[in-house]
Amino acid sequence: MIGLALAYLRDRAGQSLLNVLLLALAVASLVALLLVSTRVEDRFARDSAGIDLVVGAKGSPLQLILSAIFHLDQPTGNVPLAALAMLRADPGVARAIPLALGDSFRGFRIVGTEPAFLDLHGSRLAEGRPWRAPMEAVLGAEVARRTGAAPGQKFLGSHGLGADSGEAMAHDHAPFTVTGILAPTGTVADRLILTSVESVWDVHGIAHPEPSAPGHAHGDARDGAHDHAHGPVAPASPPLAARAAPGADVTAILVSFASPAAAIRLPAAINRQTALQAAVPAQETARFLSLFAGAIAGARVLALLIAAAAALSIFTVLLAAARTRAGDLALLRVMGARPSTVFGTVLLEGLLVAAAGALLGLLIGHLAVELAARAFPALAGIGVTGLGVLPAELAILAGALGLGALAALLPAAAVFRADLAATLARAH
Amino acid sequence: MLLEVGNASYRHNGGGGVGPLSFALAAGEACLLLGPSGSGKSTLIQLIAGLLTPQAGTILVDGTPMHALAPAARDDLRRRTIAIVFQSLRLVSALSVHANLALARKLAGLPADPARIATLLDRLAIAPLAGRLPRELSQGEAQRAALARALVTEPRLLLADEPTSALDDRAAAAAATLLLDSARAAGAALLVVTHDSRLRPRFPRAILLGADGRIAGARA
Ligand SMILES: Nc1ncnc2c1ncn2[C@@H]1O[C@H](COP(=O)(O)OP(=O)(O)OP(=O)(O)O)[C@@H](O)[C@H]1O
Ligand SMILES: [Mg+2]
């Protein structure tokens, strides 16, 4: 009976198309919202995995998180190296990774850090070797892809973190050398250029002893674990704090706790210090996402309203059609069609409209999100992509089909109440 | 007897209707029921098809009292036995002539038979219109298409309500010949109800219906 249902849909193609488009609009909105919110939450969760606390200069905690974990915002300021030493001395801290920001290359941030940063995001070298000497750098997968840079090539960082940092501001006295390229991870690491903290200091003319200089005995219990965390890519250098001259700062420190108890004690303890603030990524990302939650919920309500309007429209069209078609349906019955067959045909019309609308909506939703992600790198930066299908989209599909069936149910059921003799006696 | 109408009558709410009347039709027999407008011809067709239940008397189709059957069994008997050309409602509006015929066969539980469809359309001189929608047909063309739609199901009892009202003399003659030939070839009983007296000389048997819905005369 699908042929007959299609024939009826074709017979009033304008209305059918309108209903398909209306439903597609609703489904596209829902899918786009789902894609954006899921991808962003996903990306945030992955980027902040393993980071229990971010320590940085006083300021907005959200800004600290956004700048230090997601590399989206400007840093809040600098923290003295002593803070790193203090954290590493704390038994509640399993891992503390310093970050030194300030420069970028073609819009990609140059991050001075330690190799432990690679473990954080599960990064592997796809090519070359890790950075060892100052002014050596490893490129994230996307950086390499976009800039086309390969190991051995040199590049100049420019001051500032913005995407439009001009070449005029280039630190042309200090070119970086690419030593390796990271495999893609689907995290923020793909978009970063990693180097040592010393390299960032060098670029900015901050004095510090050469890494080859033997460090002072530090007596830090964390050293063993620290070296171990570096694994095979660890440069043979003494602890950073031991090498720095007074005045050498880092931008932020990513902290992993050794015990749950530290989660209660450490943030408060750090926040009591006048120069430092500690921000909990989980809290701040939740707060950040809740900023959008209202807008997303509003848009979702709007999309559901459109879906309801689409269902109502399908219902009205089918009801009107069932009336003008009463003669046809009676004729079909007399031609031998069972009531259930005629009922099924009308129901199928609703389902076909719903299926076409849902599929078109899925397509439009994905396309719109993907196009937006390509047009606005900031969106792509927070993980937004139209590629890939989410399990929840099946629920949207099922919902749309259910809506179509529901809208068709009443008009279809009219078949069972039809008075064949009276209908057939009436003029066509 | 394929059809036995025994003293059956039906009155609508307004008092109009048909009967009481009696007649019988053997398999392969053709009969014309001629009556003025309002004499109850269409009502009689609906009674025989089991769409209306006689208020008195009986109607047996292939020996079975249709109105005594459960709805599903009645539908089944109709599907297997009867094809109807209605007076006004001729074809499924969204389907082409050809698709109407194909669907009719399918709904009657018969295998697809494009050759039979082509032959039928050709004999009714509407082969070039096979791809048209019903609303793109003239009255007479639609009537012939409806005829083809009924014949294509190879019924044992063919009921036709004014099958020639919109046809000119030549088309009416062709339709009558086709109806009679097809019924004879298939061994089907044929009952044509009409006020079109042009058909009278073509039928071996005619029943005259009075304005009161009773039989006023017959010619064997
Ligand atoms: N649904 C109905 N309700 C009330 N009266 C009806 C109904 N259908 C038919 N009638 C009346 O019953 C009588 C017979 O109607 P019917 O349609 O059977 O006549 P007919 O012989 O087919 O007429 P025509 O040649 O004009 O088609 C008429 O008086 C008509 O007005
Ligand atoms: Mg009539």
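Every listed requirement among (1) within 16 Å of ligand 2 (Cβ to nearest atom); (2) modelled with pLDDT of 90 or more is met by B:Arg105 save one, (1).
Of the residues making up the stretch B:12-52, those that are within 28 Å of B:Ser182 (Cα to Cα) and more than 16 Å from ligand 2 (Cβ to nearest atom) are B:Ser22, B:Phe23, B:Ala24, B:Leu25, B:Ala26, B:Ala27, B:Gly28, B:Glu29, B:Ala30, B:Cys31, B:Gly50. With respect to A:Pro130, determine if the residue is surrounded by fewer than 19 Cβ atoms within 10 Å (Cβ to Cβ) and of a type outside the set (D, E, K, R). No; evaluated as a whole, the condition is false for this residue. Checking each residue in the stretch B:71-87 for being farther than 14 Å from B:Leu151 by Cα and open to solvent by 30 Å² or more (accessible area, probe 1.4 Å) picks out B:Pro71, B:Ala72, B:Ala73, B:Arg74, B:Asp76, B:Gln87. Hey, among the residues in the stretch A:392-428 that are more than 11 Å from chain B (Cβ to nearest Cβ) and among the charged types (D, E, K, R), which one's least open to solvent (accessible area, probe 1.4 Å)? Checked the stretch A:392-428; the qualifying residue least open to solvent (accessible area, probe 1.4 Å) is A:Glu393.
Filtering B:Thr43, B:Thr53 for residues that are over 26 Å from B:Ser165 (Cβ atoms) and of a type in the set (Ser, Thr, Tyr) leaves a single hit, B:Thr53. Only residues that are open to solvent by less than 20 Å² (accessible area, probe 1.4 Å), within 13 Å of chain A (Cβ to nearest Cβ) and within 14 Å of ligand 2 (Cβ to nearest atom): list them for the stretch B:147-171, please. Within the stretch B:147-171, B:Leu159, B:Asp161, B:Glu162 meet the criteria. Scoring B:Leu208 on the criteria (1) on the phi > 0 side of the Ramachandran plot; (2) within 16 Å of ligand 1 (Cβ to nearest atom) leaves a single failure, condition (1).
Considering only the stretch A:59-93, state which residues are within 27 Å of the chain's Cα centre (by Cα) and either part of a loop (DSSP other than H, G, I, E, B) or not assigned by TED's automatic domain parsing to the domain that holds A:Gly186 (or both). Those that are within 27 Å of the chain's Cα centre (by Cα) and either part of a loop (DSSP other than H, G, I, E, B) or not assigned by TED's automatic domain parsing to the domain that holds A:Gly186 (or both): A:Gly59, A:Ser60, A:Ile69, A:Phe70, A:His71, A:Leu72, A:Asp73, A:Gln74, A:Pro75, A:Thr76, A:Gly77. In the stretch B:128-139, the qualifying residues are those that are surrounded by 19 or more Cβ atoms within 10 Å (Cβ to Cβ) and outside any loop (DSSP other than H, G, I, E, B), and the one that is nearest to the other protein chains (Cβ to nearest Cβ) is B:Pro134. Filtering the stretch A:23-44 to residues that are open to solvent by 40 Å² or more (accessible area, probe 1.4 Å) and farther than 16 Å from A:Ser290 by Cα leaves only A:Leu25. Among the residues of the stretch B:45-60, just one is touching a Lys or Arg at 6+ places or on another chain (Cβ under 8 Å), more than 13 Å from B:His12 (Cα to Cα) and touching a residue at least 40 places away in the same chain (Cβ under 8 Å), namely B:Ala49. Does B:Ala125 fit the bill of being on the phi > 0 side of the Ramachandran plot, touching a residue at least 12 places away in the same chain (Cβ under 8 Å), more than 13 Å from every other protein chain (Cβ to nearest Cβ) and open to solvent by 10 Å² or more (accessible area, probe 1.4 Å)? In short, yes. Of the helices (runs of 4 or more DSSP H) that lie entirely inside the stretch A:310-382, those containing 3 or more residues that are within 14 Å of chain B (Cβ to nearest Cβ) span A:326-334, A:339-375. Quick one: in the stretch B:172-198, of everything that is hydroxyl-bearing (Ser, Thr, Tyr) and open to solvent by 10 Å² or more (accessible area, probe 1.4 Å), which residue is modelled with the lowest pLDDT? That would be B:Ser182.
Do we find that A:Glu349 is under 25 Å from A:Phe44 (Cβ atoms) and charged (D, E, K, R) in this structure? Against the criterion (under 25 Å from A:Phe44 (Cβ atoms) and charged (D, E, K, R)), A:Glu349 does not qualify.
Does B:Ala112 count as in a helix (DSSP H, G or I), within 23 Å of A:Arg333 (Cα to Cα) and in contact with a Lys or Arg (Cβ under 7 Å, 6 or more places away or on another chain)? No, not satisfied. Counting only strands (runs of 3 or more DSSP E) wholly contained in the stretch B:1-91, the ones carrying 1 or more residues that are within 13 Å of another protein chain (Cβ to nearest Cβ), within 16 Å of ligand 1 (Cβ to nearest atom) and in contact with a helix residue (DSSP H, G or I) (Cβ under 7 Å, 6 or more places away or on another chain) occupy B:3-11, B:17-25, B:82-85. Might you check whether a residue that is more than 20 Å from the chain's Cα centre (by Cα) and surrounded by fewer than 21 Cβ atoms within 10 Å (Cβ to Cβ) occurs anywhere in the stretch A:381-391? Within the stretch A:381-391, not a single residue is more than 20 Å from the chain's Cα centre (by Cα) and surrounded by fewer than 21 Cβ atoms within 10 Å (Cβ to Cβ).
So is B:Ala68 open to solvent by less than 30 Å² (accessible area, probe 1.4 Å) and out of contact with any Phe, Trp or Tyr (no Cβ under 8 Å at 6 or more places or on another chain) or not? The answer is no for B:Ala68. Every test in (1) away from ligand 1 (no atom under 16 Å from the Cβ); (2) within 22 Å of B:Leu91 (Cβ to Cβ); (3) not hydrophobic (A, V, I, L, M, F, W, C) is passed by B:Ser165 save one, and that test is (1).
Within the stretch B:101-113, the residues that satisfy the criterion of being of a type outside the set (Gly, Ala, Ser) and at the interface with chain A (Cβ under 9 Å from one of its Cβ atoms) are B:Leu103, B:Lys106, B:Leu107.
Restricting to the stretch B:92-104, name every residue that is open to solvent by 10 Å² or more (accessible area, probe 1.4 Å) and assigned to a helix (DSSP H, G or I). Selection gives B:His98, B:Ala99, B:Ala102, B:Leu103.
When B:Arg205, B:Arg156 are checked against the criterion of being among the basic types (Lys, Arg) and under 13 Å from the mean Cα position of the chain (by Cα), B:Arg156 stands alone in meeting it.
The values are calculated or read from the model by the stated rules, or taken from the named source; none is laboratory data. Please read these numbers as outputs of a predicted model, since none were measured by experiment. Note that we place each Cβ from the backbone using ideal geometry, even for glycine, and neighbour counts take in every protein chain shown. Calculation scope for accessible area: heavy atoms of the full protein, side chains included, ligands and nucleic acids excluded. Shrake-Rupley method; radii C 1.70, N 1.55, O 1.52, S 1.80 Å.
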